[in-house]
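Just below is one structure, and these are the notes that go with it.
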Amino acid sequence: MRRLAVLLAALLLLSGCAFLEEPEEPEEDWSGYSQLLPEESEEEPEETVPEYPAAFSLPYHRDQTLDPVSCSDGAQETAAALLYEPLFRLDRQFQPEPVLCESWAWDETGLVCALTLREDVAFSDGSALTAPDVAETLLRAMESERYAYRLRNIADVTVNRAGQVLITLTAPNQGLPALLDIPIVKRTTAGSLVPVGTGPYLLVRGDDGACLRAREDWWQGKPLPIAAIPLVHAKDRDTARYLFSTRQVELLTVDPTDDPALSAGQVSAVGQPTAVLQFIGFNTAEDRPFADASLRSLFSAGIDRKTLVHVQLPQLALAARFPISPLSPLYPADLERAYSEEETLAALRAAGQDTGEIRELTLLVSGNDSFRASTARFIADGLSLLDWRITVVELPWEEYLAALEAGEFDLYFGEVRLTADWDLSDLIGTEGTLNYGGYASEITDILLQNLLAAGDRTQAARQLCSHLRNTAPIAPICFQNNSVLTHPDVVEGMTPAPSGVFYGLENWTVHTAGE
C-alpha cells in the first residue's frame with residue numbers, strides 16, 4: 001500500500017540506508033575464524049527468578065472520599081471498587097450481569113422499570129441492603145459529575161410498597177440495565193470518607209496505615225485471592241505513577257495514549273475495554289463538500305482502520321466501522337467491508353472525483369494531544385487521494401472546541417465516551433449536543449429511538465448500522481482500551497471489564513514474597 005511504502009522509505013532514510021550503488025565486498029581471509037569463537041557451553045542458562053512484592057498494594061488518597069458517586073477518577077475509583085457493588089456489572093462484551101439486582105420488569109408503557117433486589121445481601125456492618133439505599137444512591141448519582149450524563153433520561157427513582165426500586169424514564173430504553181453499574185452505598189453513610197458498602201473488602205486503619213481486608217462474611221462467598229491489600233497514600237496521579245514505577249504499589253490503570261512510556265516499560269499490561277470512540281466528523285453544511293452523503297460514505301470506507309490500529313494503536317484499540325464496540329453482540333460484523341485502496345480509488349473516480357483539480361480540506365484536531373494528532377495525520381495522509389488533499393490543523397483545546405461549535409472545519413478528529421446502552425442521539429441525532437457537523441435526518445432519528453426501545457436490539461442495531469454505512473454522519477475509527485498495569489509475574493488470570501478492573505477477581509492468582 002502507498003502508506004506502507006512511504007513508511008518504509010522513511011525508515012530507510014532514518015537508518016542511513018541508500019541503494020544508489022552496491023558497495024564492493026572486501027576480500028578477507030576468514031581462515032581460522034572458528035578458532036576465535038567461544039566454546040559452546042552445555043550448561044543451560046539460569047532461569048530468571050520472579051521478583052515478588054512483600055504485599056499486593058494499591059494507591060489511594062487518604063484524605064479524599066472513597067464514596068463511589070463522588071470520588072475522583074483513577075486510583076481512588078479503583079480502590080473503591082473493592083468496597084462497593086452495583087446493581088449490574090458489565091462483562092467484557094458490555095453485557096449487563098445482575099449483582100445486587102435479582103430481576104427486573106417493565107410496565108406496559110415501557111417507561112417504568114421495577115427492580116427486585118436480592119434478599120441475601122448484607123452491608124459490611126451486618127445490616128441488610130434495602131431499596132431506599134439503592135434509590136438514594138441513584139438519586140445522588142443523577143446529580144453527580146460522573147454519572148449525570150448517563151442517567152440524563154431518568155425522570156425519577158422511587159420505592160414501592162413491595163420494596164422494589166422503580167425507575168421512571170422520559171423515553172423507553174431497554175438498555176437501561178447497562179447503565180446501572182453504579183456502586184451502591186448505605187444511605188445513612190453517603191458522603192462520608194468511607195461509606196459502608198456490600199463489597200468483598202472492608203477498609204481498616206491501624207498504626208501501619210490503611211488496609212483493605214477481605215470480608216469473611218461477604219454475601220457472595222466467593223474465594224478471594226488476597227487476604228489484605230495495603231493502601232499507599234498518593235496525593236495525585238503523578239505520585240501514583242511514581243509509586244508504581246518504584247514498586248511501592250502493584251496495580252495501576254492508565255490511558256496508554258497519555259503515557260505510552262509507562263505502559264511500555266517492564267510491566268505486564270492487560271487491556272480493559274472501554275466505550276471511548278475515536279472518529280472522524282464531517283461538516284455536512286450545504287456549502288461544504290461533505291453535504292453529499294455518498295462522498296462521506298466513500299471517505300469513511302477509504303479509511304484503513306486495521307492498519308491504523310496496528311501502526312498507531314497496537315493493542316490499545318479495536319478497529320470499528322460502526323459506533324458500537326466490536327465486542328458487543330449488537331455489533332454487525334457481517335456488514336463490514338474489507339478496506340481496499342483500489343476499490344476506494346475506483347469509487348472516487350466513478351463519483352467524478354478525479355478531475356485533476358486539487359481540492360483542499362482541513363482536518364481539525366486538538367493540539368493538546370500529540371498522540372491523537374499523530375493519528376489524525378495518518379488518516380489525512382491515507383485519504384489524500386485523487387482530487388483531495390487534507391491538511392491537519394492542530395489547535396489548542398479551547399480554539400478547537402470553538403471552531404467545532406462555529407462549524408469552521410471540513411473534518412475533525414473526535415473522541416467521545418459513549419454509554420453502554422449505545423445511545424448515539426447526542427452524537428448523530430438531529431438535535432444532538434455533540435453533533436458539531438450539523439447532520440440532520442429524520443430516518444436516522446427514528447432508527448436511534450428504535451435501538452433503545454426495541455425488544456430485539458440486535459436487529460435494531462443492524463438496521464441502524466446499515467443505514468449509517470450509507471449516510472456516514474461520522475466515520476468511526478476505533479474503540480480505545482485502557483491498560484491495567486501490574487509488575488511481571490505478580491498477577492495471573494486478570495480479565496478487566498468495562499465495569500472495572502476486578503471483574504472475575506475470584507479467578508486471580510496473586511504472587512507475593514514468602515508465599
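The values are calculated or read from the model by the stated rules, or taken from the named source; none is laboratory data. Owing to the predicted nature of the structure, the values given are computational and were not obtained by experimental measurement. Reconstructed Cβ throughout: ideal geometry from the backbone, glycine too, with neighbour counts over all protein chains shown. The protein model used for the area step is the full one, side chains on, heavy atoms only, and it has no ligands, DNA or RNA in it. Shrake-Rupley method; radii C 1.70, N 1.55, O 1.52, S 1.80 Å.
Data overview
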quantity	calculated
Alpha-carbon radius of gyration plus Dmax, which is the widest Cα pair, for the range 59-117 in Å	15.3, 48
Alpha carbon convex hull of the range 84-220, projected area averaged over orientations, nm²	9.4
Distant alpha-carbon pairs in the range 101-167 (separation over 15 angstrom), percent	57
Hz values of 3J(HN,Hα) by residue in the range 106-114 - Karplus curve (6.51, -1.76, 1.60), Gly and Pro given as x	9, 7, 5, 7, x, 10, 10, 10, 9
Residue-wise HN-Hα coupling along the range 61-71, computed from phi with Karplus coefficients 6.51, -1.76, 1.60 (Hz; x: Gly, Pro)	9, 5, 9, 10, 5, 9, 4, x, 7, 10, 6
Karplus (6.51, -1.76, 1.60) ³J(HN,Hα), θ = phi - 60°, over the range 181-188, in Hz, Gly and Pro reported as x	8, 9, x, 9, 10, 5, 4, 6
Size of charge dipole - the range 121-270 - debye, nearest 20, with Cβ of Lys, Arg +1 and Asp, Glu -1, no other charges	240
Candidates per GluC sites (Glu not before Pro) in the range 284-356, loop by DSSP, up to 15 other Cβ within 10 Å	Glu286
Rounded accessible area of Arg89 (nearest 10 Å², 1.4 Å probe)	60
Candidate lysines - alpha carbon under 23 Å from Lys186, same-chain residues fewer than 8 apart omitted	Lys222
Accessible surface, 1.4 Å probe, highest first, among residues Arg469, Arg205, Arg152	Arg205, Arg152, Arg469
Unit charges on C-beta of K, R, D, E only; dipole of the range 363-515, Debye	420
Whole-percent carbon and sulfur share, accessible surface of the range 406-515, 1.4 Å	45
Cα-based Kirkwood hydrodynamic radius, the range 362-509, one decimal, Å	18.2
Sum of side-chain charges, Asp156 neighbourhood, beta-carbon under 14 Å (Lys, Arg +1; Asp, Glu -1)	-1
Fraction of alpha-carbon pairs over 42 Å apart in the chain - percent	31
Unit charges on C-beta of K, R, D, E only; dipole of the chain, Debye	2320
Relative packing of peptides 450-460, 423-433, 216-226 - highest average C-beta neighbours within 10 Å first	423-433, 450-460, 216-226
The chain - mean residue ellipticity at 222 nm from DSSP helices (-39,500 (n - 2.57) per run, n ≥ 4, rounded to 500)	-7000 deg cm²/dmol
Distance in nm between pseudo-label sites at Leu335 and Phe371 (7 Å out along the Cβ direction from Cα)	2.9
